[in-house]
1. Tell me yes or no: at least one residue of region 14-27 is surrounded by 10 or more Cβ atoms within 10 Å (Cβ to Cβ), at pLDDT below 80, touching a strand residue (DSSP E or B) at 6+ places or on another chain (Cβ under 7 Å) and not in a strand (DSSP E or B).
2. Identify, please: which residue in region 143-155 is without any contact (Cβ under 8 Å) to a residue 40 or more places away in the chain and surrounded by 14 or more Cβ atoms within 10 Å (Cβ to Cβ) and is, among those, nearest to residue 103 (Cα to Cα)?
3. Of all residues in region 33-60, how many are loosely packed, with under 12 Cβ neighbours inside 10 Å, modelled with pLDDT of 75 or more and not in a loop (DSSP other than H, G, I, E, B)?
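The values are calculated or read from the model by the stated rules, or taken from the named source; none is laboratory data. None of these values were measured; they are calculated from a predicted model. FYI the Cβ positions are ideal-geometry reconstructions off the backbone, even for glycines, and counts take in every protein chain you see.
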């Protein structure tokens, strides 16, 4: 924000060249000033002398889109009852799987080193003490354990990807 903010104040002692005997800007001067501020990428600009103070600010406005119901076009009646499509239900292919989730925000690693084999892969059998991956956070390598017995059937994250707290890492069939 600091690089996009400009402030200018005329110093009475040095006599700025921008001071004038007029007490205000005219609209053309204001438009030119706004264009200059926009071209320079400033989000805020302030000018002040003994006669006038001008402050321009571009506040980012994020207005939510209004909820407008979709218009339904009338369909001509053909004498045949209209067929309604059954609502598509999302099939959870992960239903019944125990999910190992990330306990922290960090970077996911499947192996102890770049040239090492992954701790586990799909089809691997695990016990509660089995280390399944590492999540690096602030240069600390945190070993994540399975915490349950079963078979790894799904790996949700690719090696080296950032992960969020609570994000599923593995799916285990118990």
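1. Yes: region 14-27 contains one or more residues that are surrounded by 10 or more Cβ atoms within 10 Å (Cβ to Cβ), at pLDDT below 80, touching a strand residue (DSSP E or B) at 6+ places or on another chain (Cβ under 7 Å) and not in a strand (DSSP E or B).
2. So, considering only residues that are without any contact (Cβ under 8 Å) to a residue 40 or more places away in the chain and surrounded by 14 or more Cβ atoms within 10 Å (Cβ to Cβ), the one nearest to residue 103 (Cα to Cα) is 145.
3. 5
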